[in-house]
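Peer 1: Take a look at this one; I'll ask things after.
The values are calculated or read from the model by the stated rules, or taken from the named source; none is laboratory data. Predicted, not measured: the structure shown is a model, and the values here were computed from it. Don't worry about glycine lacking a Cβ; one is built from the backbone with ideal geometry, like all the others, and counts go over all protein chains shown.
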């Protein structure tokens, strides 16, 4: 009897683990898609209206050069559109950890320049982007090593 109970308990735990992991993996994949679509709409297309559908009711901005909230993002996108209409960013890597999506990006604001390496971190809640951090570093002509930024 005890052996049967233990076997049933182990099977139940295994099935629950697979169900939770499967749901978690699907949510992480959805989070990745949400952030990548948002990034393209906001940064490459410079279209706040299209990008805003991915935002939660609150949008917390940690970039020191951008104002907080939805209106801050709207102003930043307007700035990009006005000052750098040809700017384009390429996502090189994506990392997902639960509700966090991290992008490793090559951003070129002015064509013909080396651009900037950026790490953008997004936090999602209920499948909406609610928080953003970023760090960036200019790509140098002569680096101290030959490894490159990407």
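Peer 1: Of 88, 132, which residue is touching a helix residue (DSSP H, G or I) at 6+ places or on another chain (Cβ under 9 Å), within 15 Å of residue 39 (Cβ to Cβ) and surrounded by fewer than 15 Cβ atoms within 10 Å (Cβ to Cβ)?
Peer 2: Answer to the check: 88.
Peer 1: Still on this structure, I have one more. Under the condition of being loosely packed, with under 13 Cβ neighbours inside 10 Å and touching a residue at least 12 places away in the same chain (Cβ under 8 Å), which residue from the stretch 98-113 is nearest to residue 79 (Cα to Cα)?
Peer 2: 110
Peer 1: Further question: Scanning for something over 25 Å from residue 149 (Cα atoms), in a helix (DSSP H, G or I) and more than 17 Å from the chain's Cα centre (by Cα), does the stretch 42-51 turn up at least one residue?
Peer 2: yes
Peer 1: Which one of 79, 59, 54, 39 is surrounded by 15 or more Cβ atoms within 10 Å (Cβ to Cβ), at pLDDT 95 or above and farther than 15 Å from residue 120 by Cα?
Peer 2: So the residue among 79, 59, 54, 39 that is surrounded by 15 or more Cβ atoms within 10 Å (Cβ to Cβ), at pLDDT 95 or above and farther than 15 Å from residue 120 by Cα is 54.
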